[in-house]
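Taken together, the values in this text are just the output of simple stated rules run on the coordinates, not laboratory data. Please read all numbers here as calculations on a predicted model, not as lab measurements. Cβ atoms come from the backbone with ideal geometry, glycine included; neighbour counts cover every protein chain shown.
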Amino acid sequence: MQFGIFSVGDVTTDPLTRHTPDDTERVRNMLTIAKHADEVGLDVFATGEHHNPPFVPSSPTTMLGYLAGVTKHITLSTATTLITTNDPVRLAEEYAMLQVISDGRMDLMLGRGNTGPVYPWFGKDIRQGINLAVENYALLRRLWTEDVVDWSGKFRTPLQGFTSTPRPLDGVPPFVWHASIRSPEIAEQAAYYGDGFLHNAIFWPMEHTAAMVNYYRQRFEHYGHGRADQAIVGLGGQVFVRHDSQKAWDEFLPYFNEAPVYGHGPSMEEFTRDTPLTVGSPQQVIDRYGAFWEQVGHYQRQLFLVDHAGLPLKTVLEQIDLLAGEIVPALRHEAELRRPADVPSDPPSHAELVAAARAAGQVHEQQVAAGDHWTGKTAEDDIDAADEVTA
Amino acid sequence: MSTRSIVVISAGVSQPSSTRLLADRLAEATVTALADLGQQSQVTVVEVRELAHDVVNMTLTGFAAAPLAAAQQAIADADGVIAVTPVYTAGPAGLFKSFVDVLGTDALTGTPVLLGATGGTARHSLVPEVAIRPLFTYLHADVVPTSVFAATDDWADEGGDDVKPLPSRITRAATELAERVARRPTTARPGLYDAVPDFSELLGGA
Ligand SMILES: Cc1cc2nc3c(=O)[nH]c(=O)nc-3n(C[C@H](O)[C@H](O)[C@H](O)COP(=O)(O)O)c2cc1C
């Protein structure tokens, strides 16, 4: 089972010191956090994608591409990549590039985003959210698996004879997760393609999460990708840990009370009772997170939110140390003991995807060295060529 | 014929609450009217006061704590709803509005709803019509034509030449609700997962 961290990249004033990082400091902190997570042996770092303050991570593949160069083992991912408002052509290109640069040490998680105005800002209609996710992903897959794509749909200009480059590493597209909190259609989409499904449970009671995950599992089996218990599931989570649980509680409380997302709402008692937020000792986290499988089955990836609400960098790095040093080894050990042999422990790695594709005879070209029909000295030089493809 | 479920939403805060008193009278009258139509019914009361903090929390966080979630489920599954609020400052109590705000836009679609309100002065009798009915119309509820406003004086009034006394207004409104409930099929409402189109349908529609 994989354990990692995910960041929304919020710029929040530390309620104790009143320090507010500027955007540059926050971006650099994210890089430090990711590198540290790699050094201490966490499995995954995932960055959010946001297009409005107070969030800084607008450009995931730039960040992850850099991290690919300075980390060794950690899987680089997103939480989430906006499938609705990004051009699927750019997604195909950028994430294939990241896949090549990271030598397959990446995957990505698609989501519809949680900020309404991003749709109009990027020229999209929010009422088409689900339809955008469906059409864009269908095109994204084709761009990765087919060398030359002719396509037309509702939400972008048609493509004739389009090849997305670089071609995916070893001819096999990156592994994709779909994340949703409330939309069964997205669970359905993940199941249809046999992709992973992540429920970001951090603001939701576990019963709700379990219902959504188990729906995805049934549909995964329905579409013939394996048994329901073999589907690839991830959960979001949230912890604050100190060896002394009272100290954890006292230290985190002012951050909780002022946090932009839940501050001035439910009390920390209520929130820790009703959602997966756990504030306490390593053993308390192990007990709580080590029991989620009873509701959702054996799952492959647990992500923790640890770097938000204005927590100082030093504290965040200590949280990562506690996770990697004490919590994750115990949780992983327990997960391995109870996992049925024919249920995957982890989401598929690049090597496993390549092996599976070879076995199924589905490896695509890694290079499509056709002649260049397009490049002229100026765009106008190529009006003939352009006419040919649009004809 | 299965037992019909009537959910009462009562948003009064005093103890004892005149809003609750009106709500109970409306519920009793509805049960009686349904019995006259040959239907059994069961009443569940949601006291908004008890859920007040959960309502505010849901407004802030987007999710319902278990007691609020249970109330919302009961309302979504109800065959008929009686919603009663005190009038505060010439409108429905803010707490009542907040409760309705977090119900969700599909919770009451097609559900017969009877509106009631209490107030200190009869001068605010039209509050249910001008300030509460639109909320439920927006939610596509099937709001009955008669809503019941009870001002303090109504509890002792026998009605005048032009005004029917409170009990007869209650009976009239409850009968309208009962008729609508009785006409409704008893089939359960679809859950979150029942209405999901097969993915090939979604693909085709994209
Ligand atoms: C803040 C507040 C504002 C009120 N404003 C009005 C009003 O504008 N019109 C009115 O008729 N009664 C008004 N009232 C009186 C209440 O509607 C009345 O006390 C109500 O019936 C109490 O219901 P309960 O006993 O169920 O709590 C107001 C009461 C409060 C507390």
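Shielding of A:269-278 by partners, i.e. mean partner chain Cβ atoms within 10 Å per residue?
Per-residue shielding by partner chains comes out at 2.
Express the relative contact order of chain B as a whole percentage, based on alpha carbon pairs under 8 Å and six or more residues apart in sequence.
Computed over chain B, the figure is 23 percent.
Which of the lysines could be linked to A:Lys247 by a straight reach, that is with a Cα gap under 21 Å, when you skip same-chain ones fewer than 8 residues away?
Counting by Cα, and skipping residues close in sequence, A:Lys247 has these lysines nearby: A:Lys314.
By how many nm would the segment from A:Thr145 to A:Glu336 lengthen if fully extended, with 0.36 nm per residue of separation less the alpha-carbon distance?
So the extension gain works out to 65.4 nm.
Using 0.36 nm per residue of separation minus the Cα-Cα distance, give me the extension gain between B:Glu158 and B:Asp101 in nm, one decimal.
16.9 nm is the gain from fully extending B:Glu158 to B:Asp101.
Let me spell out the model: positive unit charges on the Cβ of Lys and Arg, negative unit charges on the Cβ of Asp and Glu, origin at the Cα centre of segment B:2-160. What dipole size does that give, in debye rounded to 20?
The calculated dipole for segment B:2-160 is roughly 260 debye.
Hey, quick one: spin label on B:Ala122, modelled 7 Å out along Cα-Cβ, who in segment B:148-173 has an amide N within reach, i.e. under 11 Å?
From segment B:148-173, the list is B:151-166.
Quick check for you: which residues of segment B:98-113 have the amide N under 14 Å from the point 7 Å beyond the Cα of A:His222 toward its beta carbon?
Answer for this model: none.
Using only the alpha-carbon atoms of segment A:2-365 as identical scatterers, what base-10 log of I(q)/I(0) does the Debye formula give at q = 0.06, 0.15 Å⁻¹?
Each listed q corresponds, in turn, to -0.21, -1.44.
How much length is gained if the chain between A:Thr13 and A:Ala356 is pulled fully straight, taking 0.36 nm per residue apart and subtracting their Cα-Cα distance, in nm to one decimal?
Here the answer is 118.7 nm.
At a threshold of 8 angstrom on Cα-Cα distance, excluding pairs fewer than six apart, so keeping six or more, what relative contact order does chain A reach in percent?
Reported relative contact order: 19 percent.
Any idea what the dipole of the protein assembly as shown comes to, in debye rounded to 20, about its Cα centre with Lys/Arg Cβ at +1 and Asp/Glu Cβ at -1?
Taking the Cα centre of the protein assembly as shown as origin, the dipole is about 880 debye.
Among B:Asp154, A:Asp87, which comes first, second and so on when ranked by fewest other beta-carbon atoms within 10 Å?
In order of increasing Cβ crowding within 10 Å: A:Asp87, B:Asp154.
Could you work out how far apart the two model spin labels at A:Asp381 and B:Tyr138 are, taking each label as a point 7 Å from the Cα in the direction of the beta carbon, and quote it in nm?
So the two model labels end up 6.0 nm from each other.
Suppose each label sits 7 Å from its Cα in the direction of the beta carbon; what would the B:Ala70-A:Thr115 distance come out to in nanometres?
Between B:Ala70 and A:Thr115, the label points sit 3.9 nm apart.
Just checking the output field for A:126-139: average partner chain Cβ neighbours within 10 Å of each residue's Cβ?
2
State, as an integer percentage, the relative contact order of segment B:1-108 based on alpha-carbon contacts under 8 Å between residues 6 or more apart.
It comes to 38 percent, rounded to a whole number.
Suppose each label sits 7 Å from its Cα in the direction of the beta carbon; what would the B:Thr44-A:Lys314 distance come out to in nanometres?
5.3 nm
log₁₀ I(q)/I(0) of segment B:3-202 at q = 0.10, 0.12 Å⁻¹, via Debye over equal Cα point scatterers, no solvent, to two decimals?
-0.41, -0.58
Suppose R0 equals 51 Å; then what is the FRET efficiency for B:Val56 and A:Val70 from their Cβ-Cβ distance, rounded to the nearest 0.05?
0.70
Set the Förster radius R0 to 35 Å, insert the Cβ-Cβ distance between A:Asp372 and A:Gln128 as r into 1/(1 + (r/R0)^6), and round the FRET efficiency to 0.05.
After rounding to 0.05, the efficiency reads 0.50.
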